[in-house]
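For reference, the structure is listed below as structure tokens.
The values are calculated or read from the model by the stated rules, or taken from the named source; none is laboratory data. These figures come from a predicted structure and were not determined experimentally. Note that we place each Cβ from the backbone using ideal geometry, even for glycine, and neighbour counts take in every protein chain shown.
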Ligand SMILES: Nc1nc2c(ncn2[C@@H]2O[C@H](COP(=O)(O)OP(=O)(O)OP(=O)(O)O)[C@@H](O)[C@H]2O)c(=O)[nH]1
Ligand SMILES: [Mg+2]
């Protein structure tokens, strides 16, 4: 099956249902009280890891995900139905990024994550009856659901990543230490997609990732490029496989340096990842070749193991060392979701700040979609937050419009489910 590890899609959570405007009616009763119910909540969009998936290929064909809106409120204080979450299944280890800001919205490695929140339902007019306003003829619209253009990027969850030149025996190694059955052949780039294998030793086990071979210039796109290094980014440990026999005419010492150069070009982080060196094909190498390479690695202070994936010589000792090392290392990396600050939120929408102000029953109702996410993070109890909010109202022109429509001190202003008395 084709391996796809990066795709762009768009997601939109459901809008909240609108609140209803309705009045109680009974035979022979003239003016009943308001009884419009609240709208229901829109459906959240949730990403859930699914271990039966190993690629993002399905998203090549379906690109738009729109979750259902909450139902509107009804008469007799009937609340509209709230919608269950819409679940999008992805391979475990998928990172969800906002295309516009580049920030990480979720790392779908463990529990399901809500990425786009459905809008709250608007309140029905039944909620707005007060002693001074007994027949409110307005209700509130539902909040818009969040929407994002996102990039899904699979970053496999593996403890150990095998890196090295093509044909050095990475796939051969994983095939003798785990149940993985990757293709093995005597030509370069046999492996074209990452392969995971579970290595078991008694009670202990860990996950090993075999990725396509790297060559000099991989970070500039030579060979299959370094794209696949994305899948070792989370690895706790790198096993650097080198062909110590030099059977293809290269010097193992140069191979080793070149691969590390490519790792560093990909990310500083990766260059600093702990490494264990596996000198493979030692069945083909002379003692001198092995000794020379071992002392070269020894000078760098790295653990060295001579192995033969073909005869399995030395592979047990290598795996024992890997397990011992893993015990000392932190768990596989998780990426934190990155929240936008208030300021960033406001700047993001500075371009498209359209709004409407309507006056109903003496209440000034402001409708502005871009204000919804801002309102959801503004803390009205906090002075600084409130001041910021007032600045937004002013700079967007909402205050000017309220004044143009004749707002007076103490008049009620209503924005989504937030209400306040106007103060000059
Ligand atoms: N003699 C000998 N041959 C080996 C050894 N390990 C691998 N080979 C052979 O080397 C060739 C390449 O092995 P692979 O395991 O496919 O190498 P790879 O590093 O996965 O290669 P790519 O997927 O192309 O990057 C195959 O013909 C293997 O049989 C070894 O320890 N000794
Ligand atoms: Mg291979």
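Points worth noting:
- Looking across the range 70-88, the residues that are surrounded by 16 or more Cβ atoms within 10 Å (Cβ to Cβ) and either touching a helix residue (DSSP H, G or I) at 6+ places or on another chain (Cβ under 9 Å) or in a strand (DSSP E or B) (or both) come down to 73, 77, 86, 88.
- Residue within the range 152-167 that is touching a residue at least 12 places away in the same chain (Cβ under 8 Å), part of a helix (DSSP H, G or I) and within 16 Å of ligand 2 (Cβ to nearest atom) present: no
- Candidate set: the range 234-259, residues that are away from ligand 1 (no atom under 16 Å from the Cβ) and in contact with a strand residue (DSSP E or B) (Cβ under 8 Å, 6 or more places away or on another chain); chosen: the one farthest from residue 217 (Cα to Cα): 236
- Within the range 190-206, the only residue that satisfies the criterion of being within 16 Å of ligand 1 (Cβ to nearest atom) and more than 30 Å from the chain's Cα centre (by Cα) is 190.
- Residue match in the range 206-222 (condition: surrounded by fewer than 14 Cβ atoms within 10 Å (Cβ to Cβ), assigned to a strand (DSSP E or B) and either in contact with a strand residue (DSSP E or B) (Cβ under 6 Å, 6 or more places away or on another chain) or at pLDDT below 90 (or both)): no
- Residue within the range 172-193 that is within 13 Å of ligand 2 (Cβ to nearest atom), touching a strand residue (DSSP E or B) at 6+ places or on another chain (Cβ under 8 Å) and within 19 Å of residue 269 (Cβ to Cβ) present: no
- Whichever residue in the range 172-189 is near ligand 1 (Cβ under 10 Å from one of its atoms) and surrounded by 14 or more Cβ atoms within 10 Å (Cβ to Cβ) and, among such residues, is farthest from residue 52 (Cα to Cα): 188
- The one condition in (1) outside the structural domain of residue 32 (by TED's automatic domain parsing); (2) in contact (Cβ under 8 Å) with a residue 60 or more places away in the chain; (3) away from ligand 2 (no atom under 16 Å from the Cβ); (4) within 21 Å of residue 3 (Cα to Cα) that residue 204 fails to fulfil: (4)
- Selected residue (only one of 365, 407, 415 is crowded, with 17+ Cβ neighbours inside 10 Å and in contact with a helix residue (DSSP H, G or I) (Cβ under 7 Å, 6 or more places away or on another chain)): 415
- Residue 209 meets each of the listed conditions (1) under 24 Å from the mean Cα position of the chain (by Cα); (2) within 16 Å of ligand 2 (Cβ to nearest atom); (3) in contact (Cβ under 8 Å) with a residue 60 or more places away in the chain apart from (3).
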